[in-house]
Each structure stands twice: as structure tokens, then as C-alpha cells.
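The values are calculated or read from the model by the stated rules, or taken from the named source; none is laboratory data. Everything numeric here is computed off the predicted structure, so don't read it as measured data. All Cβ positions, even for glycine, are placed from backbone atoms using ideal geometry, and neighbour counts span all protein chains on display. SASA here: full protein model, heavy atoms, side chains in, ligands and nucleic acids out. Shrake-Rupley method; radii C 1.70, N 1.55, O 1.52, S 1.80 Å.
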Amino acid sequence: RSDSRRSQTSFCCFEDYFFLNAITATFAIFPQIGITASHIKEWSESSREERIDANNGLLLCANHDALFDRHLISFNPDTGNICISESIDNEQRKALSISESTQLSMGERMKSYMRIHYKKFIDKENQ
């Protein structure tokens, strides 16, 4: 295995532990969909340490992971409230089980990563 693959594996293990003990997001996660460890600050922009930092990640179902990676959903780092792109209409939100009441509890370190993601979300919304 390459060093980057080992780092991703380490991240996933850290992330699994971190999710089970600290994340309070209320996404509807179905067993048949599975979950994905998603970096908050993009892998390509992260240092080696940031890539394996459990605070730089969320466990999301596949649909929410894809939306998060494309900056179509994010979380306000100050409130923890989910932010959903205006490009996702109400029918799509319902089909994707995206609830506007979803809130994420974040420590300061996770908030620092989320500020980066949230800024990209806001920039994309303002295009």
C-alpha cells in the first residue's frame, strides 16, 4: 500500500471512532447505503497531518458525501446548522433525506476545517 492509502485507512479508523463518540448530526443513514469518511478540508489541499486528523472529517451516507464534496451542503461553523444549496429544490431535499433542522456539534479544531468548507459553499452559492 502507498503511504497516502495507509493515511486514508488511518483516517477512516480515526473517523469511525470519532463519529461514534462525538458527532451528533442527524442524517438519515440507512444500512444498505453505507457510510463514507469525508474530509472537510479537501484531501488535495490538506497537509499530511490534516489528512489523518479525525477533526477533519465526517461520516456521511453516500448521497450526503457527494453533496458535501461538491459544496452543495455544508455546516455553519458558528452555529453547526446545515446549509443547503439553493440549487437543491424541496423535492430533491426530501428524496435525499436532507433536513433543514440537521445540526452538527463541532469542537474548535473541527470548526477551523469547516470554515474552509463553508467559505467554498458560500462562494459557490454567490456565483
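Tell me which residues, restricted to the stretch 105-127, are free of Cβ contacts under 8 Å to residues at least 60 places away in the same chain, within 20 Å of residue 53 (Cα to Cα) and assigned to a loop (DSSP other than H, G, I, E, B).
Correct list: 106 only.
Could you list all residues from the stretch 71-91 that are over 25 Å from residue 107 (Cβ atoms) and without any contact (Cβ under 8 Å) to a residue 24 or more places away in the chain? Give the derivation first.
Taking the stretch 71-91 and keeping what is over 25 Å from residue 107 (Cβ atoms), we get 85-91.
Hits for the stretch 71-91 are 87, 88, 89, 90, 91.
Residue 60 passes all but one of (1) of a type in the set (A, V, I, L, M); (2) open to solvent by 80 Å² or more (accessible area, probe 1.4 Å); (3) under 18 Å from residue 35 (Cβ atoms); which number fails?
Every condition holds for residue 60 apart from (2).
Step by step: first the residues of the stretch 65-83, then only those that are open to solvent by less than 30 Å² (accessible area, probe 1.4 Å) and of a type in the set (Gly, Ala, Ser), then the one that is nearest to residue 120 (Cα to Cα). Which residue is that?
74
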